[in-house]
2 protein chains.
Amino acid sequence: MSIPSAVNPDLVKERQNATFDVDEFASWFYGDTALMGMKRLITEELYRGLDDPLDLEYMSYEDVYTAGVKQAVESTVRMRNMQEKINPGGTEIYPTLLSGLVGNAMMPAGNPMAVHLLMFTKALKGQGTSEQYERWGKRADNFEIIGTYAQTELGHGTYLRGLQTRADYDRRTDEFVLHTPHISAYKWWPGGLGHTVNYCIVVAQLYIDGESKGIHLFLVQVRDEETHRPLPGIDIGDIGKKIGMPGVNNGYLGLNKVRIPRIQMLMRNAQVLEDGSYVKSPVSQLNYFPMVYVRAAVAFGNTFFLAQAVTIATRYSAVRRQSPINEPEPQVLDHITQQMKVLPEIASVVAYRLAAGQVWSLYHRTAKDVNAGDYSRLPELHALSCTLKAACSYDSTYAIERMRQSCGGHGYLAAANLGNIFGLASAACTYEGENSVLYLQVGKILLKAWGDVLAKRQLMPTMSYLGELAAWKQFPQWTGSWQQLVEALQYAATNKTRLAHQHYTTRLGAGRTQPQALNETGIELTQAAELHGRAFVTYTFLQEVTGKAAAKRSANLNRVLEQLLELYLVHTVQRHMADILRFVPLSEQQIDDLQTRLELVLKQVRLNAVAIVDGFDLEDRELSSVLGSYDGNVYERILASAKKSPMNKRPVPVAFERYLKPFMRAKL
Amino acid sequence: MSIPSAVNPDLVKERQNATFDVDEFASWFYGDTALMGMKRLITEELYRGLDDPLDLEYMSYEDVYTAGVKQAVESTVRMRNMQEKINPGGTEIYPTLLSGLVGNAMMPAGNPMAVHLLMFTKALKGQGTSEQYERWGKRADNFEIIGTYAQTELGHGTYLRGLQTRADYDRRTDEFVLHTPHISAYKWWPGGLGHTVNYCIVVAQLYIDGESKGIHLFLVQVRDEETHRPLPGIDIGDIGKKIGMPGVNNGYLGLNKVRIPRIQMLMRNAQVLEDGSYVKSPVSQLNYFPMVYVRAAVAFGNTFFLAQAVTIATRYSAVRRQSPINEPEPQVLDHITQQMKVLPEIASVVAYRLAAGQVWSLYHRTAKDVNAGDYSRLPELHALSCTLKAACSYDSTYAIERMRQSCGGHGYLAAANLGNIFGLASAACTYEGENSVLYLQVGKILLKAWGDVLAKRQLMPTMSYLGELAAWKQFPQWTGSWQQLVEALQYAATNKTRLAHQHYTTRLGAGRTQPQALNETGIELTQAAELHGRAFVTYTFLQEVTGKAAAKRSANLNRVLEQLLELYLVHTVQRHMADILRFVPLSEQQIDDLQTRLELVLKQVRLNAVAIVDGFDLEDRELSSVLGSYDGNVYERILASAKKSPMNKRPVPVAFERYLKPFMRAKL
């Protein structure tokens, strides 16, 4: 089956009708014109000649791993070489692009060395002494050794203090004895741990003379550098297939009294001396700051998963024709129910892109304070990044499944790639802080902030609306302006926080412990946290569209962004209408007006829908979808992908002679 | 890793604390004590010695198909033999159990002969003449030939009139010429079509002398019975990997002027005579009645997918311990946020079980009328089955993903089986009527019903509430009774229907065509349809718990069912609070009271949660999950499943010598 070289006429027409410049949108979306140019340039070279991702779908699990290692090694070399060529010593290509969109496109099975790069090398540098870095960190930096970071256990994820792996100091031999006393103490999940790494940083409870000193990091060699065979006392392997990320090689590790020299505890902060005396860390163990960055990165990543899915769904909806509204059959995108599924997610991509960018820039602005030991803005940033990560991973996961459904049966094909994108997005609901746990942490911060409201203390900037709106006797006269839609969400967040605080206090008063009262108020706390997040995301979107930045953009682009803002605000307010109506009295007519606005703006956004997703600037390799390619030759691509199935390489399957023929002859 | 023979003490304790008899619950849930006993008896024998479903996860795509055919053939023979043994001539085991829970458990890759059994044989019998049945139907009944039913095309799914495959009558040779004029006309999706079947019923546009006669069914042989090679003019194969159901062997079929004798059009109704004259069918082509049954069956099936997921999540939540509320760490099920995720879905299983049963019994009661040519209740049944199928498939799909997330990282393991269950549930949102299309059909029926309301005509029984509640001047004084919670949903459905009708009429008045006006009112119509479904499901649940049937149950069981009803009603009302608050004025206190009720009933249901899911009576083979087994030995089972990964069969992977070692030696 050959794919036509021409673009599908439906997509040509959609693009001709666009009212704005796609490149201007893309530059704005990525934040920089030069960067956009570079992205296009380098990905063209990076993506050249790579294996077809669809091949992975038909391989055995083990073959996928082998192919995944090949792709990871090749991608690493390729990016490193390009970095050397374009800007030696820089990091904008290597190692930056190994994670995220470009990395996913080059390593569709996942990267078994991702944790090596993102955590192992960083821990050696950041948590190790300079001698430790000299000895192991440098070798890790150029992959002479490959490591991972083993924290979670079979029986423990989020709650770190519950970890059971022990490191007992043996003064006699100046060694630590690492041991997993139960199978629930087995390290579980670290990427690459299964069969890729030969070293591992193990997070374990330090014991000296039987006395617990809390959690510390230990460098443990797990495989022989020459033969790659597991070392004595090491029970190591692959944890088995998962919903997604088949090539990441997540592993388990059981330690049976494995001895390592004392100097293999990472000792930049806390130390154990030769005589067994323990020197406490001068800095707090609970430094959430790096997590702010990581969680904004997760939100950023999931925003792009959603961008992929919505690009696929939008293009397919413009090409697919169905139903009896007119003759010829209309594009599916002209069905308002389809618009209702797909278009709000286009706006959602933009909203989360802006919010993640905002958290990142707050992070950078706060970094100096933190380095100077001023942690005062940390709870605020922590709350923002938690709620953003939870909201974005949750929303994107369910939205991607809706995009799958919006593509009907064909969305169910592996070649549509929506299943894989869903698998990646869904995982993010659990890793880097399980979403409910994150919302509860935000809820706790909101409770504290409400205490500040009651005591008329100053609030953190992104929470100051709680104080302002708490002072309102009632919600002002409804105008339905954008400002008011954001305020409606803020007002709901404020009042949900008030109620949660009230119920929490009542429970404390009735004699519940703090953790018990927190638990019992959990539903309301998570709801308040979610609303706080929505308020932040909508506020950020509003600021970007109506703020000073607008002057730098063309009127045409601004008009499109305004429509996306309108769609996002109306849709978000409708979504939380139950909470809003509790506190903001709206008449039937006012609610009806919002529905009219929704239907109007759907029509407006629909006109530019294909062009806007073009502006997300995702290349075919990044979408990897027969439904979503730029040329829209959907049916030819579906058929071509089917022809690639190994089942179709021979006319008669093995199963015929073996099972079907005897069965049919048996005349059951 | 050996699995302990004892049940996990946490589950023992949960079961000891149960306040009702699990067997009584199970008998009630399945509708019959004797049936329950038979289910347990036969599945014990049917499941004995089957392959480990986990093996499939590690195979190549092609090997999965081969294994799937083996399992399908063996399962068919096994069930047929058991039917002969237990009750010759009956159908309660064969072929009934080949689909649904038992079939899924025995054929975890899916059954490539399912469409043969469910549609091919039935069409030959129901749509063929008795001669046609004699000649092909009988051979199909005992699998001498295997067939499928090819309706959807690459370019057309839901909208049947758009199908492009042609069957032109050639008077000269007394043959039909079957042809797919474009690739978008390729038949796409039929189960078993790829490499399993040798016959196929093709749905095609009949043309006589170039004149269209609409859609008819044609029996086409696609493969040689002896060699299984595709016949000339037949382009047939596998459509490639999908999100789930890897062994179903969905296929494509292109027809290049394939000739079949005239007598291979199924002619029980419409006929083409030798001289080319066309005899119209005496019965309406649009008989939705069988679809009522099928859609209730889909709802039933998805209810059991949800039951599987919630059983897994509940048992795991009772065994998993995490977080610092108390020492020792509490069961995750004691976290109220976890209760909020898991427990409403237990109630949801019961609600959908009852609603599907209700539609089935309405179906059976109506069957006689239909056979007597009285189709008057069909729109009502059609509406009920559509909305139930859409609501249940949608809710269960997203709920199963929530169950996955409620199991944290381990829920992401293939061995947890939640990914597969999700894949099966999600597919049901698309097949047998895409959900949005179904809701739109219900919306149309509601519009018509609203016309009846306005004209004071009699309404169909399950829609009569629209007329009654439309007459209310306002919603009565709020008491929060169960009756009122159902009425609140009915009232919202009524008013949403009223508004949709009003907007639809306005659009017609403004000159829009009927299809245009329907499309433009689509969002409100689908919302009204969804609410109509919710009202039906909650009403059915209320009737079962408070109606006459209660007297047949023990007080203990009734108390549990009442708690599940309370949970379901409060939760459903909260979920639709935005719509309810528009039409039912509730005070802040009244809304707060619902939250208090929710938190109370969660605690009550939590106490019996493990016992209730035990009452769903799903065997370990049916759950196929390391997290959900009856004995709760979760960690041992996870570790044992990991050890089974083929990756762990040898200490050093192929990828080491081939890729990793050179990479590490290269000192990048």
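Among (1) at pLDDT 95 or above; (2) in the same structural domain as A:L273 (by TED's automatic domain parsing), where does A:M106 come up short?
(2)
Do we have any residue at all in the stretch B:375-385 that's touching a residue at least 60 places away in the same chain (Cβ under 8 Å), under 23 Å from B:Y30 (Cα atoms), in a helix (DSSP H, G or I) and not aliphatic (A, V, I, L, M)?
The answer is yes, given that some residue of the stretch B:375-385 is touching a residue at least 60 places away in the same chain (Cβ under 8 Å), under 23 Å from B:Y30 (Cα atoms), in a helix (DSSP H, G or I) and not aliphatic (A, V, I, L, M).
State whether one or more residues within the stretch A:387-397 are open to solvent by 10 Å² or more (accessible area, probe 1.4 Å), in a helix (DSSP H, G or I) and modelled with pLDDT under 95. Step through it out loud before you land on a result.
The initial filter retains those residues of the stretch A:387-397 that are open to solvent by 10 Å² or more (accessible area, probe 1.4 Å), namely A:394-395.
After this cut, where a residue has to be in a helix (DSSP H, G or I) as well, the list is A:394-395.
Applying the additional criterion that residues be modelled with pLDDT under 95 yields none.
For the stretch A:387-397, residues open to solvent by 10 Å² or more (accessible area, probe 1.4 Å), in a helix (DSSP H, G or I) and modelled with pLDDT under 95: absent.
Here is a check on your reading of the model: is A:E401 assigned to a helix (DSSP H, G or I), in contact with a helix residue (DSSP H, G or I) (Cβ under 7 Å, 6 or more places away or on another chain) and open to solvent by 10 Å² or more (accessible area, probe 1.4 Å)?
Details: assigned to a helix (DSSP H, G or I): yes; in contact with a helix residue (DSSP H, G or I) (Cβ under 7 Å, 6 or more places away or on another chain): yes; open to solvent by 10 Å² or more (accessible area, probe 1.4 Å): no.
Considered against the rule, which asks whether it is assigned to a helix (DSSP H, G or I), in contact with a helix residue (DSSP H, G or I) (Cβ under 7 Å, 6 or more places away or on another chain) and open to solvent by 10 Å² or more (accessible area, probe 1.4 Å), A:E401 comes out as no.
Could you identify the single residue in B:T540, B:T596, B:T546 that is β-branched (V, I, T), out of contact with any strand residue (DSSP E or B) (no Cβ under 9 Å at 6 or more places or on another chain) and open to solvent by less than 30 Å² (accessible area, probe 1.4 Å)? Break it down stepwise before answering.
On the way: B:T596 fails: open to solvent by less than 30 Å² (accessible area, probe 1.4 Å); B:T546 fails: open to solvent by less than 30 Å² (accessible area, probe 1.4 Å).
Only one candidate passes the filter, namely B:T540.
In the stretch B:405-421, how many residues are assigned to a helix (DSSP H, G or I) and facing chain A (nearest Cβ under 7 Å)?
Quick first cut of the stretch B:405-421, residues assigned to a helix (DSSP H, G or I) only: B:405-406, B:408-412, B:414-416, B:418-421.
Filter once more, keeping what is facing chain A (nearest Cβ under 7 Å): B:405, B:408-409, B:412, B:414-415, B:419.
The total comes to 7.
Conditions: (1) touching a residue at least 40 places away in the same chain (Cβ under 8 Å); (2) among the aliphatic types (A, V, I, L, M); (3) on the phi < 0 side of the Ramachandran plot; (4) within 14 Å of another protein chain (Cβ to nearest Cβ). B:M265 meets all but one. Number of the miss?
Here B:M265 meets the rest and fails (4).
Could you check B:K122 against (1) open to solvent by 10 Å² or more (accessible area, probe 1.4 Å); (2) within 14 Å of chain A (Cβ to nearest Cβ); (3) not β-branched (V, I, T) and say which number it fails?
Status for B:K122: all satisfied but (2).
Which members of the stretch B:170-191 meet the condition of being within 30 Å of B:V69 (Cα to Cα) and assigned to a strand (DSSP E or B)? Full working, then the answer.
Step one: list which residues in the stretch B:170-191 are within 30 Å of B:V69 (Cα to Cα), which gives B:178-180, B:183-191.
Residues satisfying the conditions are B:L178, B:H179, B:K187, B:W188.
Would you check if B:K138 is closer than 26 Å to B:E274 by Cβ and within 14 Å of chain A (Cβ to nearest Cβ)?
On the way: closer than 26 Å to B:E274 by Cβ: yes; within 14 Å of chain A (Cβ to nearest Cβ): yes.
Considered against the rule, which asks whether it is closer than 26 Å to B:E274 by Cβ and within 14 Å of chain A (Cβ to nearest Cβ), B:K138 comes out as yes.
Name the single residue that is farthest from the other protein chains (Cβ to nearest Cβ) among those in the stretch A:637-668 being within 21 Å of A:S5 (Cα to Cα) and among the small types (G, A, S). Spell out the reasoning first.
The initial filter retains those residues of the stretch A:637-668 that are within 21 Å of A:S5 (Cα to Cα), namely A:637-644.
Then keep just the ones that are among the small types (G, A, S); that gives A:640-642.
Numbers: A:A640: 10, A:S641: 6, A:A642: 5 Å.
Selected residue: A:A640.
Can you find even one residue in the stretch A:501-516 that is under 22 Å from A:P379 (Cα atoms), modelled with pLDDT of 95 or more, small (G, A, S) and in a helix (DSSP H, G or I)?
no
Can you tell me how many residues within the stretch B:345-361 are open to solvent by less than 10 Å² (accessible area, probe 1.4 Å) and either more than 16 Å from B:S393 (Cα to Cα) or outside any helix (DSSP H, G or I) (or both)?
Summing the residues that are open to solvent by less than 10 Å² (accessible area, probe 1.4 Å) and either more than 16 Å from B:S393 (Cα to Cα) or outside any helix (DSSP H, G or I) (or both) in the stretch B:345-361 gives 0.
Which of the following residues is open to solvent by 30 Å² or more (accessible area, probe 1.4 Å) and facing chain A (nearest Cβ under 9 Å): B:R40, B:R80?
On the way: B:R40 fails: facing chain A (nearest Cβ under 9 Å).
Just a single option satisfies the conditions, and that option is B:R80.
Residue by residue through the stretch B:578-593, note down the ones that are within 30 Å of B:T314 (Cβ to Cβ) and either exposed (fewer than 15 other Cβ atoms within 10 Å of the Cβ) or not acidic (D, E) (or both).
Result: B:A578, B:I580, B:I591.
Counting only residues that are touching a residue at least 40 places away in the same chain (Cβ under 8 Å), of a type in the set (S, T, N, Q) and open to solvent by 10 Å² or more (accessible area, probe 1.4 Å), which one in the stretch A:489-537 is farthest from the other protein chains (Cβ to nearest Cβ)?
A:Q490
Report yes if B:R166 is surrounded by fewer than 19 Cβ atoms within 10 Å (Cβ to Cβ), of a type in the set (K, R) and farther than 22 Å from B:A72 by Cβ, otherwise no. Before the answer, list the steps.
Values: surrounded by fewer than 19 Cβ atoms within 10 Å (Cβ to Cβ): no; of a type in the set (K, R): yes; farther than 22 Å from B:A72 by Cβ: yes.
The answer is no for B:R166.
Applying the selection to the stretch B:1-37, what residues are open to solvent by 40 Å² or more (accessible area, probe 1.4 Å) and within 30 Å of A:I236 (Cα to Cα)?
Once the filter is applied, which keeps residues that are open to solvent by 40 Å² or more (accessible area, probe 1.4 Å) and within 30 Å of A:I236 (Cα to Cα), the stretch B:1-37 yields B:M1, B:S2, B:I3, B:P4, B:S5, B:A6, B:V7, B:P9.
Given the conditions (1) open to solvent by 50 Å² or more (accessible area, probe 1.4 Å); (2) more than 14 Å from chain B (Cβ to nearest Cβ); (3) on the phi < 0 side of the Ramachandran plot, report the number of the one that A:L381 does not fulfil.
Here A:L381 meets the rest and fails (1).
B:L639 passes all but one of (1) open to solvent by 10 Å² or more (accessible area, probe 1.4 Å); (2) under 21 Å from A:G192 (Cβ atoms); (3) in contact (Cβ under 8 Å) with a residue 40 or more places away in the chain; which number fails?
(1)
Considering only residues that are in contact (Cβ under 8 Å) with a residue 24 or more places away in the chain and not in a helix (DSSP H, G or I), which ones fall in the stretch B:48-78?
The answer is B:L50, B:D52, B:P53, B:Y58.
Matching residues to (1) assigned to a loop (DSSP other than H, G, I, E, B); (2) open to solvent by 10 Å² or more (accessible area, probe 1.4 Å):
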site	(1), (2)
B:R161	no, yes
B:L193	yes, no
B:I215	no, yes
B:L219	no, no
B:G237	no, no
B:G240	yes, no
B:N249	yes, no
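Do the conditions hold for B:L424, that is, is it open to solvent by less than 20 Å² (accessible area, probe 1.4 Å) and more than 7 Å from chain A (Cβ to nearest Cβ)?
no
So in the stretch B:294-340, with the set limited to residues that are open to solvent by 30 Å² or more (accessible area, probe 1.4 Å) and assigned to a helix (DSSP H, G or I), which one is nearest to the other protein chains (Cβ to nearest Cβ)?
Top of the filtered list is B:M340.
Which members of the stretch A:616-636 meet the condition of being at the interface with chain B (Cβ under 9 Å from one of its Cβ atoms) and without any contact (Cβ under 8 Å) to a residue 40 or more places away in the chain?
A:Y635, the sole residue that qualifies.
The values are calculated or read from the model by the stated rules, or taken from the named source; none is laboratory data. Here the structure is a predicted model, which means the values were calculated and not measured. Cβ: placed from backbone, ideal geometry, glycine included. Neighbour counts: every protein chain shown. Accessible surface areas use protein heavy atoms only, side chains included; no ligands, DNA or RNA. Shrake-Rupley method; radii C 1.70, N 1.55, O 1.52, S 1.80 Å.
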